[in-house]
Each structure stands twice: as C-alpha cells, then as structure tokens.
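The values are calculated or read from the model by the stated rules, or taken from the named source; none is laboratory data. On a predicted model such as this, the values are computed, not experimentally measured, just so you know. Counting neighbours? That spans all protein chains shown, and the Cβs are built from the backbone with ideal geometry, glycine included.
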There are 2 protein chains.
Amino acid sequence: MEKKSRESTGFLIKQRAFLKLYIITNIENGRWYGLQLLDELRKEFKPLGFEPQHSEVYRALHELEDEEEILTKVRIKVEGAKRKEVIVYKIKDSEKAKAYKKLVKIDIDRSEQLLRKALGENF
Amino acid sequence: MEKKSRESTGFLIKQRAFLKLYIITNIENGRWYGLQLLDELRKEFKPLGFEPQHSEVYRALHELEDEEEILTKVRIKVEGAKRKEVIVYKIKDSEKAKAYKKLVKIDIDRSEQLLRKALGENF
DNA sequence: AGATGAACAGCATGTTCATTT
DNA sequence: AAATGAACATGCTGTTCATCT
C-alpha cells in the first residue's frame, strides 16, 4: 500500500524547525543535553507565552542526529545528586548545520512577512 | 466519559484565526461568498508561498457565524453561467467583530515577536 | 527526583467525496 | 463546471507511561 503524503499549504513555520534552529545555535556555543535545552528554551520564550514540551525537544534532537545528520551525541558521566549519565550533543557537521539554518531563516523571513502583511492590511 | 482537552504551548497563531481576520476585514468592506474569498486570499498570499484550502475558508466562515456570532449569511440569486445561488456573508455584530480582531492582533503581535527574536538570536 | 525515550491521543487542517444549481 | 459542505485521512505535537540512574 502506498502511503499518500500531504501537501503543505505554506502557512507559518513549524515548531519543530523553530526549535531545531535554537538547538543548533545553542550547541554551536557549547555542549548541552536535552532537559538543559528545554529549561533554557522555556526560560527564553516564557515571556512570549511559548512553553515547549520536553518531547518536542527530544524529537528535534533525534531528527538533527538521524535525519539532518548535523549532531552527534556523547554519553557523559556526571557527579552529583542527579543522574549519573547524561546525553550531550555536539555539532557533527558544521556545514550541514549552516545550510540548515539558512533554510530555516528563509522560512522565518517568509512567515514574518505573512504576519506583517496581516498587521498592515487588517488594522 | 469526560473529553480531555489539550493545552496549547503558545507557539504561533493558527491558520484558522489568521483567515478569520482577513475574512472579517474583507466583509467589512463589502459582501463576499466563500469561493470568492478563497480566490482573493490565494491571490494575496501566493507570492508568500501560502495557498489556503477551500475547506479551511468554509470552516472559518461557519465558525464566524455559529461560534463567534460575528457574521450572518444571505442566499443570493445570481444571473449568469455559474451557480444560481450563492451564500453571501455580512457583518452581524460589528462590536464582536472589532473585539475579535483585537484578540487576533495580540496573537499576531506575539507571534511576530517570537519570529523576530529568533532572527535576532540565531543569525 | 532528574533524564531520556517511546507509545498513545487530540486537534488542526489537508484531501476526497457528495450534493445542488 | 461553480459552489458549498461534510466525511475522511494525516501529520504535528501534547500527554502519559516506562525505564534508568
């Protein structure tokens, strides 16, 4: 049986891509693990009413590793009262990272134009 | 059985609300029927890569009539090679229309801030 | 409890079908 | 065919559950 896929009508950028962009940028500036990224992103966006879910962050990380092949993970042992091991991500292919961010930028620019157009034409 | 509804994490504005805003504004400036609005909206947004679906426009119209109670419809007979009757909408409650648009504006402003923030922090 | 991952479920919306003129 | 509407299907993502330390 063929799986029939859906067309996008091209409305606004999807949450997944938006999160991937932030995740890449954060990891470009240091190593991070999943829940750490979640906390950071929530803190960043909470003032704007956006509080992403932990599963979305993990899904983004998994796809950046397996599909986009931009990240790799390393298991790190941690001393302290928390978990003994944590999965830290780092950039695997910075060219791919750069290319991916470029694509996302185009989509964000486009999305912003849609919103600006609406603000200009309806108010 | 209780139907358990989902929380929104507050990412970007939904297509439905975005279309409702344009539909209200168009109808404030004259009478329109469904497919006519669809054509107009597609023409407007196509340059930005967005081509809404006819069913979304109808769903928006139905909700603006039945849930928001902002519009009413009138059946109009049309002379010509097309359909004999067409369902034209007009504003029923302009105060509610105004209030609804105000809410949508807040959500668009918020969405735009999210996108601008991303543009500023990742590039 | 903190961290990760996956299964499950609901919702927004895309696709297709039916009906009427 | 133009117009409307509804049923059906799918993908995104929120919720819940499981496992490990």
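Restricting the first member to the range A:10-25 and to residues that are more than 7 Å from every other protein chain (Cβ to nearest Cβ), and the second to residues that are away from DNA strand C (no atom under 11 Å from the Cβ) and β-branched (Val, Ile, Thr), the beta-carbon pairs closer than 6 Å and six or more apart or on different chains are A:ILE13/A:ILE108; A:ALA17/A:VAL104. The set of residues in the range B:33-77 being acidic (Asp, Glu), without any contact (Cβ under 8 Å) to a residue 24 or more places away in the chain and either within 13 Å of DNA strand C (Cβ to nearest atom) or farther than 20 Å from A:GLU7 by Cα (or both) consists of B:GLU40, B:GLU51, B:ASP66, B:GLU67.
Across the range B:92-119, the number of residues qualifying as buried (at least 16 other Cβ atoms within 10 Å of the Cβ) and among the hydrophobic types (A, V, I, L, M, F, W, C) comes to 6.
Residues in the range A:58-75 include none that are within 12 Å of another protein chain (Cβ to nearest Cβ) and either crowded, with 17+ Cβ neighbours inside 10 Å or within 28 Å of A:GLN113 (Cα to Cα) (or both). Among the residues examined, A:LEU119 qualifies as within 14 Å of chain B (Cβ to nearest Cβ), within 27 Å of B:LYS14 (Cα to Cα) and without any contact (Cβ under 8 Å) to a residue 60 or more places away in the chain. Exactly one residue among A:LYS90, A:LYS102, A:LYS43, A:LYS73 is closer than 21 Å to B:PHE123 by Cα, among the charged types (D, E, K, R), more than 9 Å from DNA strand D (Cβ to nearest atom) and outside any helix (DSSP H, G or I), and that residue is A:LYS90.
The single residue among B:PHE123, B:PHE45, B:PHE50 that is over 14 Å from B:LEU19 (Cβ atoms) and of a type in the set (Phe, Trp, Tyr) turns out to be B:PHE123. The set of residues in the range B:56-70 that are among the acidic types (Asp, Glu) and part of a loop (DSSP other than H, G, I, E, B) comprises B:GLU67, B:GLU68, B:GLU69.
Could you identify the single residue in A:LEU21, A:LEU61, A:LEU48, A:LEU35 that is at pLDDT 95 or above and within 13 Å of DNA strand D (Cβ to nearest atom)? None of the other options fit; the residue is A:LEU21.
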